[in-house]
Amino acid sequence: MTLLRPLIVFAGLLALWQIFVSLSGVPPYLLPGPGQVIVTGFDHAGLIAGHAWVTAAEILIGLALGTLLGGASALCLAYFRSARPWLMPILVISQAIPVFALAPLLVLWFGYGMASKVAMAVLIIYFPVTASFFDGLRRTDPGWLDLGQTMNGTPLAILRHIRLPAALPAFASGLRVATAVAPIGAVVGEWVGSSAGLGYLMLHANGRMQIDLMFAALFTLALFAVALYFTIDTILRRALLWQADN
Amino acid sequence: MSLSDDSSRLPSPLAARIDNATLTYGGRLLFDGLDFALEEGLWTCLLGPTGVGKTSLLRLFAGLEKPDAGQARAGAVSYMAQQDLLMPWLTVIENTVIGSRLRAEPPDYERARVLLASVGLADRSGDYPRSLSGGMRQRVALARTLMEDRPLVLMDEPFSGLDAITRLRLQSLAVELLRGRTVLLVTHDPLEALRLGDRIHVMAGRPARINKALTPAGDTPRDPADPALLAHQAELLARLTAAADADADAAATAAAAAAAADGGPG
């Protein structure tokens, strides 16, 4: 039932689109109907899949690296007070500079291949992951820490059994945001300079007025992004079942 | 039950004591050369106005605060707070053995099960804290405290968040299960202190002083309907009122001194 409702909404939107295209008489090289997009998608399934694989890899690697880096930064911020004044500016700068402005530079440095797109994705998710996780680590109930201290807990065990699980809900909201924006990083990277990936395919198709192919690539990207989001969200929900409001 | 000071009793070995301790908290001098000792195997209850430093004294015993001067000796303690401090991500039994987890020791589930049974929660060991009532949660906290098996138990108003009946039951359970241990109970409730305390102290003043103990006779937990207990309650309330008045006077004097300093020569 929870899956059915979004599907109904989605089908309704597609129907509206088809009706609009049929009634308005917009030429298909400007706006193809969803039917045509689907047909084109299946015709070029191999091509799209090849490019989708590249983009998916960029997103997943970027997400993994960005989460690791953000998690490590948050732990440093939480545990080394003296490091805070040094790390905080980096954190803020990483968010203040628009990643879009950095994209050409990253392509110049890391090349046309995957590395520059992974770097984009990492940059775009680093801030939400670090900020939320740090916030969670900082808000550990002092009563739990007192309890851990009177129980003669080791610092590592207190981190593992108290501070990390206590920070998990905050970390989860950061990771959800990261999952939603990571594809943006990868695709922007592909637009700036690449020879593979769904972003590249979209730009390429657009330049040749193959709008149906562009839409098919866009659909694939959206489908992957949504599937990724729901997968991560489900995993996080399972891990946070203990929360009272779930 | 007679109102007697502890002088009639032979002093027993001192389990935990604070000697000549000075503590400043939030820029305020809480203790100045404070001495206080707990008697082994007895329940000591500590009453006093809010903000007088009862919790700080407990934290000194727990080693969670260090005195600016003097010393606090208590050895191994376990600690029960007003909040049950259960970890919501752990089941009841995992909460009970959290101490061993934190010391990276293998947990003794068998003993944890016995203790959970003794607090009446044998059938809830796999549940998460969110599905338990406040009284049940505090019983898990009690099982966790017993699991630590420490000679000194420090309690900071562990029963104050509970309804009257649950509180009475949990008090009796705690007395039964903690028998033989040294207990320091901080409370706001004179009746609670009279039900549970072998020695009852009132803490008052800035810096705080602790007066001589009130030592009600009879085994704990005492019957709340006992007329002697009610008579003691009147005495205790009188002491608490005096303490609160002294506190207000001290605050007024401090304020007047500050005003005089502000408006000094000029």
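The values are calculated or read from the model by the stated rules, or taken from the named source; none is laboratory data. Just so it is clear, the structure is predicted and the values come from calculations on it, not from any experiment. Positions of Cβ are generated from backbone atoms using ideal geometry, with glycine treated the same way; all protein chains shown enter the neighbour counts.
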Just the residues that are of a type in the set (Gly, Ala, Ser) and in contact (Cβ under 8 Å) with a residue 40 or more places away in the chain, please, taken from region B:204-226. B:Ala204, B:Gly205, B:Ala208, B:Ala213, B:Ala217, B:Gly218
Filter pass, B:Ala193 being closer than 29 Å to B:Leu116 by Cβ and either away from chain A (no Cβ under 14 Å) or of a type in the set (Gly, Ala, Ser) (or both): yes
Of the conditions (1) under 24 Å from the mean Cα position of the chain (by Cα); (2) surrounded by fewer than 23 Cβ atoms within 10 Å (Cβ to Cβ); (3) away from every other protein chain (no Cβ under 14 Å), A:Leu168 satisfies every one except a single condition; which number is it? (3)
Just checking, how many residues over region A:34-86 are more than 24 Å from A:Lys117 (Cα to Cα) and part of a helix (DSSP H, G or I)? 21
Given the criterion in a helix (DSSP H, G or I), more than 14 Å from chain B (Cβ to nearest Cβ) and without any contact (Cβ under 8 Å) to a residue 40 or more places away in the chain, identify the matching residue among A:Asp146, A:Asp135. A:Asp135
With the requirement that a residue be over 22 Å from B:Gln82 (Cα atoms), in a loop (DSSP other than H, G, I, E, B) and within 12 Å of another protein chain (Cβ to nearest Cβ), what does region B:97-145 give you? B:Arg103, B:Ala104, B:Glu105, B:Pro107
Which residues, counting only those in region A:18-35, are more than 29 Å from the chain's Cα centre (by Cα) and buried (at least 16 other Cβ atoms within 10 Å of the Cβ)? A:Val21
Restricted to region B:45-79, and to residues that are facing chain A (nearest Cβ under 9 Å) and not in a loop (DSSP other than H, G, I, E, B), which residue is nearest to B:Ala208 (Cα to Cα)? B:Arg59
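Tell me which residues, restricted to region B:157-177, are in contact (Cβ under 8 Å) with a residue 60 or more places away in the chain, surrounded by fewer than 22 Cβ atoms within 10 Å (Cβ to Cβ), out of contact with any His (no Cβ under 8 Å at 6 or more places or on another chain) and not in a helix (DSSP H, G or I).
B:Gly161
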Would you pick out the residues in region B:209-256 that are outside any loop (DSSP other than H, G, I, E, B) and among the β-branched types (Val, Ile, Thr)? B:Ile210, B:Thr241, B:Thr253
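Okay, residues lined up against (1) modelled with pLDDT under 90; (2) surrounded by fewer than 16 Cβ atoms within 10 Å (Cβ to Cβ); (3) among the aliphatic types (A, V, I, L, M); (4) in contact with a Cys (Cβ under 8 Å, 6 or more places away or on another chain):
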{"site": "A:Thr140", "(1), (2), (3), (4)": "no, no, no, no"}
{"site": "A:Gly148", "(1), (2), (3), (4)": "no, no, no, no"}
{"site": "A:Ala182", "(1), (2), (3), (4)": "no, no, yes, no"}
{"site": "A:Asp212", "(1), (2), (3), (4)": "no, no, no, no"}
{"site": "A:Phe230", "(1), (2), (3), (4)": "no, yes, no, no"}
{"site": "A:Arg238", "(1), (2), (3), (4)": "no, yes, no, no"}
{"site": "A:Gln243", "(1), (2), (3), (4)": "yes, yes, no, no"}
Checking B:Ala164, B:Ala104, B:Ala112 in turn, the sole residue that is modelled with pLDDT under 90 and more than 16 Å from the chain's Cα centre (by Cα) turns out to be B:Ala164
Matching option when the condition is in contact (Cβ under 8 Å) with a residue 40 or more places away in the chain and crowded, with 22+ Cβ neighbours inside 10 Å, among B:Leu185, B:Leu191, B:Leu229: B:Leu185
Would you check which residues across region B:91-145 are of a type in the set (A, V, I, L, M), free of Cβ contacts under 8 Å to residues at least 60 places away in the same chain and within 17 Å of B:Leu162 (Cβ to Cβ) and list them? B:Val119, B:Leu121, B:Leu132, B:Met136, B:Val140, B:Ala143
